[in-house]
Amino acid sequence: AESHAIFGQVSWRPSALDGKLELTGGLRQTWDKKTLFLDNDGNGTPDVQGRERFRNLSWLGSASYKLTDDVMAYARVSSGYKGGGFNPRTSVLNGFDPEEVVAYEVGVKADWFDRRLRTNLALYRTDYTDLQINQFSSGSGGATSLILNAGNARIQGIEFEATAVPVDGL
């Protein structure tokens with residue numbers, strides 16, 4: 001496997017809002033090359049060879065706004081990529097496509113009581129395309145695990161986190 005990428009990100013705080021708003025954007029270009037050679041030791045099963053190239057442009061955009069010195073709200077949307085390739089654990093060519101994802105998140109981060117309590121609340125949704133999964137496969141030649149593209153999937157939810165420092169030194 002060979003992978004190369006270039007990434008850039010920029011943030012901007014417009015002076016019109018006293019520096020309370022921050023906008024961020026980013027791009028990542030990835031080039032992957034995957035090759036596979038399985039030498040099946042002349043056991044009657046032919047050797048296996050595979051070669052693929054994959055490209056992906058991932059992006060992100062976010063905005064955050066400081067409601068007060070201790071409370072910040074944000075929204076973020078980004079895309080991601082997991083390269084395709086070949087499963088080396090099989091005696092046949094098991095190729096799979098890249099997995100792509102778009103993630104959405106909105107939330108509020110706050111410090112309370114002179115920074116003795118920090119709370120983070122987030123709502124998120126993640127949409128997958130060509131989700132890669134491992135699938136058990138058995139047959140007369142034994143058992144193995146295959147990597148397959150399962151299709152589309154969605155994960156969504158709410159996350160709450162709190163950190164407290166009730167007394168100094170704790």
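The values are calculated or read from the model by the stated rules, or taken from the named source; none is laboratory data. Owing to the predicted nature of the structure, the values given are computational and were not obtained by experimental measurement. So basically every Cβ, Gly included, is an ideal-geometry build from the backbone, and we count neighbours across all protein chains shown. These accessible areas exclude ligands, DNA and RNA; they are computed on the full protein's heavy atoms, side chains included. Shrake-Rupley method; radii C 1.70, N 1.55, O 1.52, S 1.80 Å.
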Mean shadow area (nm²) of the C-alpha convex hull around segment 62-136 is 7.5 nm²
So, for the Cα atoms of segment 98-170, Rg and Dmax in Å stand at 21.0, 67
Relative contact order as a percentage, segment 1-57, C-alpha pairs under 8 Å and 6+ apart, gives 33 percent
Restricted to pairs 8 or more residues apart or on different chains, the lysines in the chain with C-alpha atoms under 29 Å apart form a number of pairs equal to 5
Of the accessible area of segment 55-170, computed with a 1.4 Å probe and all protein chains kept, carbon and sulfur make up a percent value of 54 percent
For the chain, averaging the sequence separation of alpha carbon pairs under 8 Å that lie six or more residues apart and dividing by its residue count, the contact order in percent is 15 percent
Output row, site Ala110, 7 Å Cα→C-beta label point, backbone N cut-off 20 Å, window segment 16-31, residues 20-22
Sparse-neighbourhood loop hits (trypsin sites (Lys or Arg not before Pro), segment 1-107; DSSP loop; Cβ within 10 Å at most 13 others) -> Arg89
Once normalised by the length of segment 78-170, the mean sequence separation of its alpha carbon contacts under 8 Å that are 6 or more apart gives a contact order in percent of 28 percent
Per the Cα gyration tensor, the chain corresponds to an equivalent ellipsoid with semi-axes, largest first in Å, of 45, 21, 14
Result for the chain: accessible area per residue, probe 1.4 angstrom, in square angstrom, of 68 Å²
Of all C-alpha pairs within segment 1-61, those more than 15 angstrom apart amount in percent to 68 percent
Counting only DSSP loop positions in segment 101-165, the trypsin sites (Lys or Arg not before Pro) whose Cβ has at most 11 other Cβ atoms within 10 Å are Arg115
For the pair Val165 and Asn152, the simple spin-label estimate (label points 7 Å beyond Cα toward Cβ) gives in nm 4.6 nm
